[in-house]
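What follows is a short report on a single structure.
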Amino acid sequence: MRARRLVAVASMAFGLVALSGCRAEPGVAAYVGDQRITEDAVTAVVADLRAKNPTPGEESAAPEARPPAPAPQLPGRGEVVSVLVLAEVCEQVSAEQNHQPRSQVQAVQLAQQFGLTPDTDYVRRVADLYTCLSGVPTGAPVTPTDQDLADVVAAGREAGAIPADVTDEAAARQLDGEQFRTALATRRALAEVVAAHDVTVNPRYRPLEFPVLSFAGNAPAVSVPLGEAGTGAVTDVSTPDPLAGPADS
């Protein structure tokens, strides 16, 4: 079997105001320590995405014009919340521990990858977050447990990334490489800093996760949980096109 490509993803920070009082206020999507991410901030991001990246049907075209290419799927509210939360966590831990970025991600590069216009706020914020995350130490690659391998194989089958005639054992051998083990290390490191920064997520967005490794096609392979496990009442959680990663492993 030719293993399907796994690609790393990451993503932004804004719409934050100082918090005082309870952690279940109306109009708040999530809390990170003493900061809150408002529903209005999430709405602004989504509105900007739609305004600057209209679907082909929203634009007039001459009858003789070539049929437009399929529009990219825009991130939904749940995904916007996840990137806002992780961005605030990253900013806080970087300030506390003086982490410095090891790479600078350009918005233009991400715009091409996402299929979005470069001046979209989301794109610029995602670039800032990738840059921030590059400075957070993740430690050595993690040897996967049997459960880790079972989970990634199950995710691959759900995504249609593993042919039906390939056994679980063969798929696990193909997927267990440096990229997967590095993603496990990233998940562990980010889970630790998220837990240390008192993240609370509005129940409508739970369970909220951020993918650190995805199969081609954006189906999550390894994700870090953000905040509490929850109801899953909101299903509008989409994953952006990933930043280009290594080729087939």
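Each residue of segment 187-199 was assigned a 3J(HN,Hα) from its phi angle through the Karplus expression (A = 6.51, B = -1.76, C = 1.60, θ = phi - 60°), giving 4, 4, 5, 5, 4, 5, 6, 5, 4, 7, 10, 6, 8 Hz with x at Gly and Pro. Residues whose amide H lies under 5 Å from that of Glu209, counting only those 5 or more places away or on a different chain, are Leu226; hydrogens are built 1.01 Å from N in the peptide plane. In the context of the full set of protein chains, residues of segment 161-213 present 47 Å² of accessible surface per residue (probe radius 1.4 Å, heavy atoms only). Between Ala216 and Asp119, the FRET efficiency estimated from the beta carbon spacing at R0 = 35 angstrom works out to 0.80.
The modelled label-to-label distance between Gln73 and Asp198, using points 7 Å beyond Cα along the C-beta direction, is 3.6 nm. Taking amide H atoms as placed 1.01 Å from N in the peptide plane, the amide H of Phe215 lies under 5 Å from those of Val7, Ala221, each 5 or more residues away in sequence or on another chain. With θ taken as phi - 60° and the Karplus curve 6.51 cos²θ - 1.76 cosθ + 1.60 applied, the whole-hertz 3J(HN,Hα) list for segment 89-101 is 4, 4, 4, 5, 5, 5, 5, 5, 10, 6, 6, 10, x Hz, x standing for glycine and proline.
The values are calculated or read from the model by the stated rules, or taken from the named source; none is laboratory data. Worth saying up front: this structure is predicted, and the values here are computed from it rather than measured. Note: ideal-geometry Cβ built from the backbone for every residue, glycine included; neighbour counts use all protein chains shown. Note: accessible area is taken over every heavy atom of the protein model, side chains too, but ligands, DNA and RNA are not part of it. Shrake-Rupley method; radii C 1.70, N 1.55, O 1.52, S 1.80 Å.
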